[in-house]
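Taking it in order: structure first as structure tokens, then the write-up.
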Amino acid sequence: MNLNSEAKLAVLERTFLPALSAPVAYDRWMQVNHALDGCLEARQAHWLHSLVSVNGDCSLCLFKVSYVETVRESCRQARMPFQRVWQAELWLAEEPQNFSQSTSLIVAEVSYDPPITGTIYEATKQQAKGCLDELNIQSAFSIIALDGTHSACIFSATSAEAVRSLYRKVGIPFERVWKGTLIQPMIVEG
């Protein structure tokens with residue numbers, strides 16, 4: 001996804017201990033992140049969307065930024081703990097904006113050694129096509145670290161276990177698979 005020649009995609013990973021009260025809907029998510037909003041705005045970071053686990057224990061947030069350190073600086077200023085921030089590319093089957101607010105999606109977090117490339121990614125998708133059909137899973141989009149060492153692949157599926165089965169069938173180890181809710185900025189009609 002080419003946001004523009006100067007913009008970058010930053011991913012913010014967070015864990016919540018204790019977990020947020022589930023389910024986490026748009027209004028609650030905006031309250032949780034209120035302290036971060038001004039810090040991001042001051043640095044001209046643009047929130048694209050978040051995936052929040054249905055258990056309320058973790059999230060992945062995507063931002064369009066001039067430089068990735070913007071997100072780290074904002075979290076530190078807001079005193080908001082985070083696990084990591086990384087620069088990524090969005091490899092799309094479906095634009096996230098095509099999903100409605102609070103859509104349930106399945107997130108598969110994967111690490112790669114050696115790093116994944118676009119060619120390997122496409123070959124793996126072809127290899128998995130039969131399993132995707134068999135398990136009634138649709139690939140939505142993938143968030144791939146620029147260095148190819150890790151990703152979050154997003155699916156529309158009936159359960160996290162169906163996605164775990166997919167990864168086992170195609171022989172790709174995963175770190176974790178979880179059901180998440182897609183939360184995106186509200187579109188204001190003018």
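None of the figures in this text is laboratory data; all of them are computed from the coordinates on show. Computed from a predicted model, the values in this text were never measured in an experiment. FYI the Cβ positions are ideal-geometry reconstructions off the backbone, even for glycines, and counts take in every protein chain you see.
A few comments on the model shown:
- Which labelled figure in [x] 1.52; [y] 0.95; [z] 0.98 is Rg/Rh (Cα atoms, Kirkwood Rh), once derived from the coordinates: [y]
- Pairwise centroid distance, computed over Cα atoms, of the stretch 97-159 with the stretch 74-91, Å: 21 Å
- For the chain, built as a Gaussian network whose Cα springs stay under 10 Å, the top-fluctuating residue of T158, T124, T15: T124
- Computed from label points 7 Å out along Cα-Cβ, the spacing between S66 and Q44 is 0.4 nm.
- Lys pairs, the chain - Cα-Cα below 30 angstrom, 8 or more residues apart or on other chains: 10
- The Cβ shell under 10 Å around L9 holds other residues with a net charge of +1, Lys and Arg each +1, Asp and Glu each -1.
- A crude spin-label estimate for the pair E6 and A22, with each label 7 Å from Cα along the Cβ direction, gives 4.2 nm.
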